[in-house]
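What follows is a set of notes on a single structure, which appears directly below.
The values are calculated or read from the model by the stated rules, or taken from the named source; none is laboratory data. These numbers were taken from a predicted model, which means no experiment stands behind them. Every residue, glycine among them, receives a Cβ derived from its backbone with ideal geometry; neighbour counts consider all protein chains shown.
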């Protein structure tokens, strides 16, 4: 969940599955009630049991226990077959644009890689097509649409005062990183903007490799008109956490009035 409970009040459709929010999360469930009351939202509850959440629902689906995946697969199939998906969201915020590997297949309910004799799957063919950097390839049309959306936001967002750009310390300054820096460079207030480059996963490099990656990034930001800084970081070991806090405090301080 990447947004606040309060945002549920803006929904026009709420699906509860695998839980009983009315009793387990009453403070959160009140926003479902707000959505129903003020936004005419419909509430769907999927549960083998008739719970208090189900009692508040507009549609109750009492599926058999253990059939969750089959149910969800049917929902996804229906939405795709009848073109009832929100294309902008699916294209920009899910893995839908990723290109599936050529070896992947699904025929008569069986995925590729199945060994009938052993009754076991080899999942090696289930991955995505990868580029020369080891990242999943993305449909060019979808990538262009995303670039237009993200680029427009970063170039024109009036109250943007700082950006933390997280990159892989093992592969710093890939084309996507350079594209983002180019967008920020186009801002009319680029000289005022503060950009902090975070080289994540640094724990997977030795000391010399970390220093080399940091020098590379520092040389790059020295050519930018932006106020920029860079550091190595590891979420696993917490290396660089204090330095990151200081950078965020600096960004927040300049956003405060006065």
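Here are some notes:
- Of all residues in region 225-238, those that are surrounded by fewer than 16 Cβ atoms within 10 Å (Cβ to Cβ) and within 17 Å of residue 167 (Cβ to Cβ) total 2.
- Checking each residue in region 184-200 for being part of a loop (DSSP other than H, G, I, E, B), buried (at least 17 other Cβ atoms within 10 Å of the Cβ) and touching a strand residue (DSSP E or B) at 6+ places or on another chain (Cβ under 8 Å) picks out only 193.
- Residue check for residue 181: surrounded by 13 or more Cβ atoms within 10 Å (Cβ to Cβ), free of Cβ contacts under 8 Å to residues at least 60 places away in the same chain, outside the structural domain of residue 131 (by TED's automatic domain parsing) and in a helix (DSSP H, G or I): yes
- Checked against (1) part of a loop (DSSP other than H, G, I, E, B); (2) more than 30 Å from residue 16 (Cα to Cα); (3) at pLDDT 85 or above, residue 154 passes all but a single condition, namely (1).
- Filter result for residue 217 (in contact with a helix residue (DSSP H, G or I) (Cβ under 8 Å, 6 or more places away or on another chain), modelled with pLDDT of 90 or more and surrounded by 11 or more Cβ atoms within 10 Å (Cβ to Cβ)): no
- Verdict on residue 239 being over 22 Å from the mean Cα position of the chain (by Cα) and without any contact (Cβ under 8 Å) to a residue 24 or more places away in the chain: no
- Residue identified as surrounded by fewer than 16 Cβ atoms within 10 Å (Cβ to Cβ) and touching a strand residue (DSSP E or B) at 6+ places or on another chain (Cβ under 9 Å) among 90, 76, 46, 100: 100
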